[in-house]
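K.L.:
Take this structure, written in structure tokens, and hold onto it; I'll ask about it next.
The values are calculated or read from the model by the stated rules, or taken from the named source; none is laboratory data. Just so it is clear, the structure is predicted and the values come from calculations on it, not from any experiment. Glycine also receives a Cβ, built like all others from the backbone with ideal geometry; neighbour counts cover every protein chain displayed. These area figures cover heavy atoms from the full protein model, side chains too; ligands, DNA and RNA do not enter into them. Shrake-Rupley method; radii C 1.70, N 1.55, O 1.52, S 1.80 Å.
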Amino acid sequence: MRGPAWPVTALLLGYPLWWALGFGGLSVVVLAVPMAVILWRRRPVRVPPGFGLWVLLIACYLLSGLMLDEMPPGTYGEFGAGRLVGYGMRLALYVSALVLVLYLGNLTERELPQLRLVRMLGVLFLTAVAGGLLGVVAPGFSFTSPLELVLPDWIGGHPFVQNLIHPTAGQTQKVLGHGLPRPEAPFEWANAWGGNLSVLLIWFVVGWWVYGSRRRKVLAVAMVAVAAVPIVYSLNRGLWIALGLAALYLVLRVGGRTRTTLCAGAAVAALAFALSPLAPLVLQRLDSPHSNDIRAFTVSATVEAARHSPVIGYGNTRRALGSHRSITTGKTAWCPGCGHPPLGSDGQLWLLLISQGFTGAVLYAAFFAGAIRRHWADRSPIGLAGVLVMCLVLFYMLIYDGLVTPLSLYAISFALLWRNPS
């Protein structure tokens, strides 16, 4: 906690405490303030390639605020404090991600070694695994955070804010027709847990296996095996697909003995999993497309709404009239399955379309795609891992929101690529 790297240490190693206090994913917003102050004192500030794209993304989001009181056809709701709160929080997160990238990129290797940063992400992976196990064993565990106690109801009671400030271990959902736990601790919801775990797993392998001692490698194998339990119980098909894509990426990009070892390890792991009691649960989930109809309705309604403000969007999400089951809006005593999640809640791409239009979606994708293009030739472990994370960012755009905690991990991964010697 000493030296200029202390905000990064506080963010990654102190994340469980932030979560318990109710800040969780918002901790990056808090720590972006001292980061910005330190950057100001260290002028001039280096900026990464693609910096202008993210600045334009923020500028366009500011402009989209002009549409907060507008309602596209097929949606309902009134302009109020809740919409302003959601808009303000997302804006703060986009700005904080930029500050985080600049801060990491302007720290020297002596101030914050690359391997130390990678291993701090590995520690957060261990935290996520512990939270996942808690979500499997005690999905109903939750408590009122200190932040929740002090916030006024008109802020803390907003559903988006409530998810961020109220610590919960997991969700019990009837994905397979009966209640099953889906872990989410220490993040804001189950899908965020899945996406974050895949990113943290990549950096855990780099820091604790590739650059690890024999003892670290044994620990790494053991922890990945333990992580398989909450990974399966998450019932998260997006996470499972991402892990498969990551394995395929590595097989294609590495060669020689490393590829042979990787394939052999994957075959052993696949065989061990197939013989474990977890395998039937995966097969049941693949046979139960629980959310396909919901996602199809939300995505089509989002695209239709975005067509009415294609350049700057509407600044925030909106509620669709009806659902995939009924034209009725909202839950009632006679129709408990009616109603629908907000438009833009099924992936970062759809969130950008409704909130910032097609312009925002293009800028966001171009920022991360540019990182892939620039660093594709980097075959170092950090280079390969960083490019893999950037590829997963583009994949996850289709199914997961990039906010709240995922964006911080994406920013750190981008900064690791930027800092890596070419």
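K.L.:
To the nearest 20 debye, what is the magnitude of the charge dipole of the stretch 74-199 about its Cα centre, counting +1 on the Cβ of each Lys and Arg and -1 on the Cβ of each Asp and Glu?
P.N.:
280 debye
K.L.:
For Thr75, which sequence-distant residues (separation of 5 or more, or a different chain) have an amide H within less than 5 Å of its own amide H, given hydrogens modelled in the peptide plane?
P.N.:
HN-HN under 5 Å from Thr75: Leu321.
K.L.:
Also, I was wondering about something else. Of the residues Ala92, Ala320, Ala225, which exhibits the maximal mean-square fluctuation in a Gaussian network model of the chain defined by a 10 Å Cα contact cut-off?
P.N.:
Result for the chain, Cα springs under 10 Å: Ala225 fluctuates most.
K.L.:
Diagonalise the Cα gyration tensor of the stretch 1-140 and give the resulting equivalent ellipsoid semi-axes, square root of 5 times each eigenvalue, largest first, whole Å.
P.N.:
With the √(5λ) rule applied to the stretch 1-140, the semi-axes are 30, 25, 12 Å.
K.L.:
Cβ under 14 Å from Leu403's Cβ, Leu403 left aside: what net charge do those residues give with Lys, Arg +1 and Asp, Glu -1?
P.N.:
So the environment of Leu403 carries a net charge of -2.
K.L.:
Something else now. Equivalent-ellipsoid semi-axes (√(5λ), Cα gyration tensor) for the chain, whole Å, largest first?
P.N.:
32, 28, 21
K.L.:
If the chain between Leu126 and Val226 were fully stretched, how many nm would it gain, using 0.36 nm times the residue separation less the Cα-Cα distance?
P.N.:
35.0 nm
K.L.:
Would you check the accessible area of His166, probe 1.4 Å, heavy atoms only, in square angstrom rounded to 10?
P.N.:
For His166, solvent-accessible area is about 50 Å².
K.L.:
What longest region of the chain stays clear of chymotrypsin sites (Phe, Trp or Tyr not before Pro) that DSSP places outside H, G, I, E and B and that have at most 14 other Cβ atoms within 10 Å?
P.N.:
144-333
K.L.:
Given the options Leu26, Leu197, Leu62, which has the most mean-square fluctuation in a GNM of the chain, springs set between C-alpha atoms less than 10 angstrom apart?
P.N.:
Largest GNM mean-square fluctuation: Leu62.
K.L.:
With every protein chain kept in place and ligands, DNA and RNA left out, what is the accessible area per residue of the chain? Probe 1.4 Å, answer in Å².
P.N.:
44 Å²
K.L.:
Then there's this: Name the residues whose placed amide hydrogens come within less than 5 Å of the amide hydrogen of Asp401, ignoring near sequence neighbours (fewer than 5 apart) on the same chain.
P.N.:
Residues meeting the criterion, in which the H sits 1.01 Å from N, are Gly347, Gln348.
K.L.:
For the stretch 8-77 and the stretch 155-234, compute the distance between their C-alpha centroids and round to whole Å.
P.N.:
For the stretch 8-77 versus the stretch 155-234, the Cα centre distance is 23 Å.
K.L.:
Report, in debye and to the nearest 20, how large the dipole of the chain comes out about its Cα centre when Lys and Arg carry +1 and Asp and Glu carry -1 on their Cβ.
P.N.:
Magnitude of the dipole: close to 1500 debye.
K.L.:
A follow-up question, please. Quick check: residue separation of Ala59 and Arg307 times 0.36 nm, minus the Cα distance between them. What number comes out in nm?
P.N.:
87.2 nm
K.L.:
Hey, any idea what % of the chain's accessible area is carbon plus sulfur with a 1.4 Å probe?
P.N.:
C and S atoms contribute 68 percent here.
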